[in-house]
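First comes the structure, then the notes that go with it.
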Amino acid sequence: MSDSGNQPTKDRGEYWQKNLKIIAGCLFVWAFVGLGLSIIFAGPLNNFSIGGYPLGFWFAQQGSIYTFLVIIFYYAWRMNKLDREYDVYED
Amino acid sequence: MEGSQQIINLLVVGLTFALYIGIAIWARTSSTSEFYVAGKGINPVANGMATAADWMSAASFISMAGLIAFLGFTGGAYLMGWTGGYVLMALLLAPYLRKFGKFTVPEFIGDRFYSTTARVVAVICLLVISITYVIGQMRGVGIAFSNILEVPLTVGLVSGMFVVFLYAVFGGMKGITYTQIAQYCVMIFAYTVPAVFIAITITGMPIPQIGLGGTLAGSDTHLLTALDQTLVDLGFAQYTATDGGMSMLNMFLLTISLMIGTAGLPHVIIRFFTVPKIRDARKSAGWALFFIAILYTTAPAVGAMATWNLLDTLILDRDNIGQEEAHLAFEDQPAWMERWGETGLLGFEDKNEDGRIQYYNADNEEFAQMAQDEWGWEGSELTTLDRDIIVLANPEIAGLPTWVIALVAAGGIAAALSTAAGLLLAISSAISHDLLKGVFRPDITEKGEMLAARISMAAAILLAGYLGLNPPGFAAEVVALAFGLAAASLFPTLMLGIFYKKMNREGAIAGMLAGLIVTCAYIFTYKGLFFFPQLALLPDNADYWLFGINPGSFGVIGALANLAVSFIVAKVTAPPPAHIQDLVESVRVPRAD
């Protein structure tokens with residue numbers, strides 16, 4: 001990679017921009033579920049139910065935690081893919 | 001307590017201690033890299049498990065289910081705050097700090113902001129956060145020994161400190177990691193076994209997370225519906241409704257503050273320095289949350305089911321509340337109520353002298369008036385209900401064999417010791433690596449630094465033990481400060497260090513100090529200067545809080561102050577030198593060429 005001067009820098013800039021986009025998407029879901037569905041919209045959501053759980057209550061005490069878990073594993077998987085695309089994957 | 005029960009209890013706890021000591025002998029360390037970061041050789045799944053034990057403290061194990069039971073819906077703030085922080089840690093901090101590849105959090109701040117002052121400010125934040133936290137763990141060890149095992153507090157604390165001493169002083173991060181893995185297994189087994197049995201007893205469903213949404217055993221009524229209805233019949237707010245507990249604003253701010261605070265806790269961050277690769281740090285955060293979620297999704301079920309069980313025991317006929325024979329007679333109390341009555345965590349008083357226990361919300365004036373006029377109730381007769389009892393009394397409530405009670409004690413002790421050990425490592429490495437090697441004696445040999453690390457670890461254990469025996473009265477209040485400080489000082493500065501290349505020394509120092517000062521000032525205004533209540537400037541209640549913000553929820557405001565001050569100061573001072581900007585570039589990419 002060192003023989004093509006500017007190439008790695010450009011690649012790295014692009015790699016970082018893509019990473020920022022993935023982070024932004026993940027954090028949007030994080031905030032939408034953790035703060036939105038579980039707190040701000042929990043009152044109205046409680047009119048619906050999932051099993052015997054009022055829905056807002058379920059998000060606040062169960063669903064949000066499962067969502068957080070999925071977000072982290074998704075990010076880890078997505079970044080491994082990105083690392084390979086930009087040839088920065090650790091051996 | 002019966003003699004045979006006592007022997008079983010001590011045997012179970014003794015066996016777990018023997019296991020920890022065995023690990024200590026096996027995992028001795030010889031280099032600073034092994035002592036501080038376990039030689040960066042921990043498997044990411046194993047590190048996830050160790051992180052879960054590191055993170056889940058005595059408070060998570062003993063107190064959280066009771067806290068949620070008390071708050072109902074809004075208790076979700078604690079569940080989400082203490083788990084959602086891992087998303088921030090995995091996406092914004094862990095991989096980059098692992099790439100940086102050094103030993104401590106203040107070391108990153110010092111190098112990134114090319115300033116010893118910044119490093120020292122970070123050390124101060126770390127010490128305040130970690131020492132406060134240790135006090136809580138020592139109190140947890142005390143509760144497990146004196147309330148469950150009925151062993152004198154001093155004996156319990158000293159034996160706990162001795163075991164930690166063995167594996168932390170000799171094993172460093174390596175010893176702590178493998179012990180934490182064992183402690184996680186003890187803790188999660190001790191938490192889920194009683195939870196499964198109480199779920200079967202109440203809902204007929206062995207998985208607590210599903211049972212909480214299920215129906216009462218032998219009936220078509222959902223547990224949560226019955227719980228809501230019964231609480232309303234007693235003058236309380238519904239368990240699942242959003243208008244009980246704290247206000248929406250405070251729940252929102254508390255959730256974010258706990259999330260940011262969690263992500264900024266140094267003793268958790270350094271766990272991600274122990275894995276071999278950057279991708280391991282990302283994945284390991286997911287495993288950590290997986291192992292944490294097993295307990296954190298069980299806790300709300302335990303809280304609701306134990307509350308239901310208490311109501312169901314006290315009320316014989318839910319459809320006829322107010323009539324004499326619908327309420328439990330004092331002489332018919334089950335054995336567990338009598339036993340926990342003796343510990344002082346549960347207390348009854350027959351205020352209207354009718355020989356029966358009436359438990360209701362006497363603070364609800366309208367309801368209390370009605371109950372007095374119609375039914376002759378003179379005040380709630382459940383006079384003491386310590387929240388911790390929700391977890392501690394669970395095995396007896398569910399009618400489990402006696403060895404399970406011993407297991408709960410062993411689990412509580414494992415939760416406390418595993419967190420204490422992680423904190424002690426953060427404290428000792430800040431002293432030996434950041435202060436001694438980083439500031440006062442940069443030419444110290446590796447052998448000398450190892451010795452200093454072990455000595456400061458031993459000193460930190462003695463300090464923690466002393467504070468456990470002589471707990472300062474303000475321990476519970478200070479924990480809120482620890483989260484507030486982590487949220488307001490360390491997290492924003494670490495994040496800016498990675499995501500904003502132009503952030504400079506002046507901005508970072510001013511920002512950390514601003515976050516620190518604003519948060520302390522707000523908390524001290526209501527809780528008293530250095531927690532002396534007589535020095536409080538304003539009464540600590542919603543009428544006096546700024547915009548109704550509870551001091552415990554203030555961390556996120558402190559974090560915003562940190563960010564704002566950092567940006568403004570960085571704009572008007574010189575940008576960081578080129579080699580620092582290169583450092584940031586290299587931290588952002590897993591494999592540098």
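Derivation of every value follows stated rules applied to the coordinates shown; laboratory data play no part. A quick note: this is a predicted structure, and the numbers were derived from the prediction, not measured. Glycine gets a Cβ as well: all are built from the backbone with ideal geometry, and neighbour counts include every protein chain shown.
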Self-check item: Against the rule of thumb 2.2 N^0.38 Å, how large the Cα Rg of the range B:204-320 comes out
Solution: 1.45
Quiz item: So how much slack lies between B:Ile455 and B:Phe189, counting 0.36 nm per residue of separation and subtracting their Cα-Cα distance, in nm?
Solution: 92.3 nm
Quiz item: Once amide H atoms are placed 1.01 Å from N in the peptide plane, what residues at a sequence separation of 5 or more from B:His327, or on another chain, have their amide H within under 5 Å of its amide H?
Solution: B:Leu316
Exercise. Hand me the trypsin sites (Lys or Arg not before Pro) from the range B:105-213 located in a DSSP loop with no more than 16 other Cβ atoms within 10 Å, in residue order please.
Key: none
Quiz item: Taking 0.36 nm per intervening residue step and subtracting the Cα-Cα distance, what contour gain separates B:Gln372 from B:Gln6 on full extension?
Solution: 127.3 nm
Exercise. Please find the FRET efficiency linking B:Leu462 to B:Asp540, where r is the Cβ-Cβ separation and R0 is fixed at 22 Å, and quote it to the nearest 0.05.
Key: 0.05
Exercise. From zero up to wherever the largest Cα-Cα distance of the range A:10-85 sits, split into 5 Å bins and tell me the percent of pairs in each.
Key: 3, 16, 20, 17, 13, 10, 9, 6, 4, 2, 0
Quiz item: Across the range B:202-219, in residue order, what do the Karplus-derived ³J(HN,Hα) couplings come to in whole Hz, using 6.51 cos²θ - 1.76 cosθ + 1.60 with θ = phi - 60° and x for Gly and Pro?
Solution: 8, 10, x, 10, x, 8, x, 4, 8, x, 4, x, x, 9, 5, 4, x, 8
Quiz item: Taking N as the number of residues in the range B:310-386, what is its alpha-carbon radius of gyration divided by 2.2 N^0.38 Å?
Solution: 1.06
Quiz item: Taking H as built 1.01 Å from N, whose amide H comes closer than 5 Å to the amide H of B:Ala241, not counting residues under 5 places away?
Solution: B:Phe73
Quiz item: Once Rh for the protein assembly as shown is found with the Kirkwood sum over Cα pairs, what is the Stokes-Einstein diffusion coefficient at 10 °C and 1.306 mPa s, in µm²/s?
Solution: 61 µm²/s
Quiz item: How far apart, in nm, are the 7 Å Cα→Cβ label points at B:Thr116 and B:Asn361?
Solution: 5.9 nm
Practice problem: Show me B:573-579, B:227-233 ranked by packing, highest mean number of other Cβ atoms within 10 Å first. | Solution: B:227-233, B:573-579
Self-check item: Cα long-axis angle, helix B:402-429 against chain B (0 to 90 degrees, to the nearest 10)
Solution: 20 degrees
Self-check item: Neighbour cut-off at most 14 other Cβ (10 Å), DSSP loop, chymotrypsin sites (Phe, Trp or Tyr not before Pro), the range B:531-577
Solution: B:Tyr544
Quiz prompt | Shielding of B:69-82 by partner chains, average beta-carbon count, 10 Å | solution = 4
Quiz item: Taking A:Lys18 as the anchor, which lysines have their alpha carbon closer than 24 Å to its alpha carbon, excluding any fewer than eight residues away along the same chain?
Solution: A:Lys10, A:Lys81, B:Lys99, B:Lys277, B:Lys283, B:Lys501, B:Lys502
Exercise. Treating the angle as unsigned and between 0 and 90°, give the value, to the nearest 10°, between the Cα long axis of helix A:64-85 and the longest Cα principal axis of chain A.
Key: 10 degrees
Self-check item: Size-normalised alpha-carbon gyration radius of chain B, reference 2.2 N^0.38 Å
Solution: 1.00
Practice problem: Starting at the first residue of the range B:306-318, write each ³J(HN,Hα) from the Karplus equation 6.51 cos²θ - 1.76 cosθ + 1.60 with θ = phi - 60°, in whole Hz, x for Gly and Pro. | Solution: 5, 4, 4, 4, 5, 4, 5, 6, 7, 10, 7, 9, 5
Exercise. Take B:Gln229, project a point 7 Å from its Cα along the Cβ direction, then tell me which residues of the range B:317-341 have their backbone nitrogen under 14 Å from it.
Key: B:317-321
Practice problem: Per DSSP H run of n ≥ 4, the term is -39500 (n - 2.57); total these for chain B, divide by its residue number, and report the mean residue ellipticity at 222 nm rounded to 500 deg cm²/dmol. | Solution: -20500 deg cm²/dmol
Self-check item: Under 5 Å, built H, 5+ apart or other chain: amide partners of A:Ser49
Solution: A:Leu55
Exercise. Calculate the length of the line joining the C-alpha centroid of the range B:376-425 to that of the range B:261-297, in whole Å.
Key: 26 Å
Exercise. Using packing as a proxy for protection, rank B:16-26, B:206-216, B:412-422 so that the peptide with the highest average count of other Cβ atoms within 10 Å comes first.
Key: B:412-422, B:206-216, B:16-26
Quiz prompt | Residue-by-residue Karplus 3J(HN,Hα) for the range B:319-334, coefficients 6.51, -1.76, 1.60, Hz, glycine and proline x | solution = 7, 10, 4, x, 7, 3, 6, 7, 10, 5, 7, 3, 6, 9, 3, x
Quiz item: B:Thr343 versus B:Leu382, label points 7 Å from Cα toward the beta carbon: distance in nm?
Solution: 1.6 nm
Exercise. Identify all aspartates and glutamates with a Cα-Cα distance to B:Lys40 below 12 Å; exclude those on the same chain that are fewer than 8 residues away in sequence.
Key: B:Asp280
Quiz item: How far, in nm, would the chain grow between B:His579 and B:Ser30 when pulled straight, counting 0.36 nm per residue and subtracting the alpha carbon separation?
Solution: 194.3 nm
Exercise. Report, as an integer, the average count of C-beta atoms from other chains found within 10 Å of each Cβ along B:234-244.
Key: 3
